[in-house]
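To start, the structure itself, in structure tokens.
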Amino acid sequence: MSIKFSSKEIKIIALFESMTGAMVRDCIIDEEHSKITFVVKNGEMGLAIGKGGSTVTKFKKAVDKDIEIVEHNDDPTVFIKNILAPAELQSVKVTKNRSGETVAFITADNANKGKVFGKGGSNIKRAKLLAERQHNISNITLK
């Protein structure tokens, strides 16, 4: 799936990259929850966060929004775990369904299901969007 960024997203990505030095692969601006999610290149999470969280804290103050950073991974199961962290997933299985679409099935214990869904389902919606944009996964189902 080809990602097309709006001019607002492009400006936010440029600011984030210049302030952190981390390379952004994807960006979602969630105005409803006043939150920006960045997917950074694998291995650049430390750059994005900064020592003791200093870099991400400066960026958060600059844009006055909550910031979430997800580390990209070429393995879709690892990437889904990264998106849904800090929820602890028991398993992630990526497979093709009968119609040929790639889907993911995740399992979490009852204590972590709330973290997976998030307030109003926001975490699982974001996870589905990022998984589709980065790995062409059409759906994520929680068991």
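The values are calculated or read from the model by the stated rules, or taken from the named source; none is laboratory data. A quick note: this is a predicted structure, and the numbers were derived from the prediction, not measured. Note that each Cβ is placed from the backbone with ideal geometry, even for glycine, and that neighbours are counted across all protein chains shown. Accessible surface is based on the protein model in full, side chains and every heavy atom, while ligands, DNA and RNA are left aside. Shrake-Rupley method; radii C 1.70, N 1.55, O 1.52, S 1.80 Å.
Taking residue 48, is it surrounded by 19 or more Cβ atoms within 10 Å (Cβ to Cβ), out of contact with any Lys or Arg (no Cβ under 8 Å at 6 or more places or on another chain) and without any contact (Cβ under 8 Å) to a residue 60 or more places away in the chain? It is true that residue 48 is surrounded by 19 or more Cβ atoms within 10 Å (Cβ to Cβ), out of contact with any Lys or Arg (no Cβ under 8 Å at 6 or more places or on another chain) and without any contact (Cβ under 8 Å) to a residue 60 or more places away in the chain. Given the structure, is residue 15 touching a residue at least 40 places away in the same chain (Cβ under 8 Å), over 23 Å from residue 125 (Cα atoms) and open to solvent by 60 Å² or more (accessible area, probe 1.4 Å)? Judged against the criteria, residue 15 is a match.
For residues that are among the acidic types (Asp, Glu) and free of Cβ contacts under 8 Å to residues at least 60 places away in the same chain, scanning just the range 20-42, find the one that is most open to solvent (accessible area, probe 1.4 Å). Per the stated criteria, the residue is 32. So which residues in the range 125-143 are more than 10 Å from the chain's Cα centre (by Cα) and hydrophobic (A, V, I, L, M, F, W, C)? Result: 137, 140, 142.
Conditions (1) at pLDDT 95 or above; (2) of a type in the set (Gly, Ala, Ser), marked per residue:
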position	(1), (2)
37	yes, no
67	yes, no
84	yes, no
100	no, yes
109	no, no
112	no, no
123	no, no
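Within the range 79-132, the set of residues being of a type in the set (Gly, Ala, Ser) and buried (at least 18 other Cβ atoms within 10 Å of the Cβ) comprises 87, 104, 108, 127, 131.
For the criterion of being open to solvent by 50 Å² or more (accessible area, probe 1.4 Å), closer than 23 Å to residue 135 by Cα, free of Cβ contacts under 8 Å to residues at least 60 places away in the same chain and under 17 Å from the mean Cα position of the chain (by Cα), residue 5 passes.
Residues that are touching a residue at least 60 places away in the same chain (Cβ under 8 Å) and out of contact with any Pro (no Cβ under 8 Å at 6 or more places or on another chain) occur in the range 74-82; there is at least one.
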